[in-house]
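Each reported figure results from applying straightforward, stated rules to the coordinates on display, with no laboratory input. As the structure is a prediction and not an experimental result, all values here were calculated from the model. Every residue, glycine among them, receives a Cβ derived from its backbone with ideal geometry; neighbour counts consider all protein chains shown.
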Amino acid sequence: MAIEVRIPTILRTYTGGERAVESSGSSVAELIDALESSHPGIKERLVEDGADGPAVRRFVNIYVDDEDIRFTGSLATELSDSSTVVILPAVAGGSADLAAQGPARSADLAAQGPAPLPA
């Protein structure tokens, strides 16, 4: 079965720059193994050894048909011929300096409103 897998920019070095590739498998784990066989090195970026066996890396999100696999069975999530798999790196951020200044500084900034748009 051919399943479309959408690849984020940061992992496209493993897919020759392709935004989407086709792979196969009846579960996400099998799909990742198939991806690894055709795009060596990608599995290491997606999966790590956890206390209970292989697990999706903490800062990687995988969706099957718009559902986060963390809520549908993780790597055991079943796939069908019509499945679309999207791999997304998690985005985190913020300013450590702002956090250190405490809630009063955050409130000051919030009261200022949004920054003006450039002319």
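Six or more apart or on different chains, Cβ under 6 Å: which pairs go from a residue in the stretch 1-27 that's closer than 16 Å to S37 by Cβ to one that's assigned to a strand (DSSP E or B) and polar (S, T, N, Q)? Could you list them?
I3/S23; V5/S23
So, in the stretch 67-81, exactly how many residues are in contact (Cβ under 8 Å) with a residue 12 or more places away in the chain, over 18 Å from E48 (Cα atoms) and surrounded by fewer than 18 Cβ atoms within 10 Å (Cβ to Cβ)?
3
Out of everything in the stretch 57-66 that is in contact (Cβ under 8 Å) with a residue 24 or more places away in the chain and under 21 Å from R19 (Cβ atoms), what residue ends up being surrounded by the most Cβ atoms within 10 Å (Cβ to Cβ)?
The selected residue is I62.
May I ask you to list the residues in the stretch 61-77 that are in contact with a strand residue (DSSP E or B) (Cβ under 6 Å, 6 or more places away or on another chain) and assigned to a strand (DSSP E or B)?
N61, I62, Y63, V64, listed by residue number.
Could you list, in sequence order, the residues of the stretch 31-52 that are outside any loop (DSSP other than H, G, I, E, B) and without any contact (Cβ under 8 Å) to a residue 24 or more places away in the chain?
Within the stretch 31-52, D33, A34, E36, S37, S38, K43, E44, E48, D49, G50 meet the criteria.
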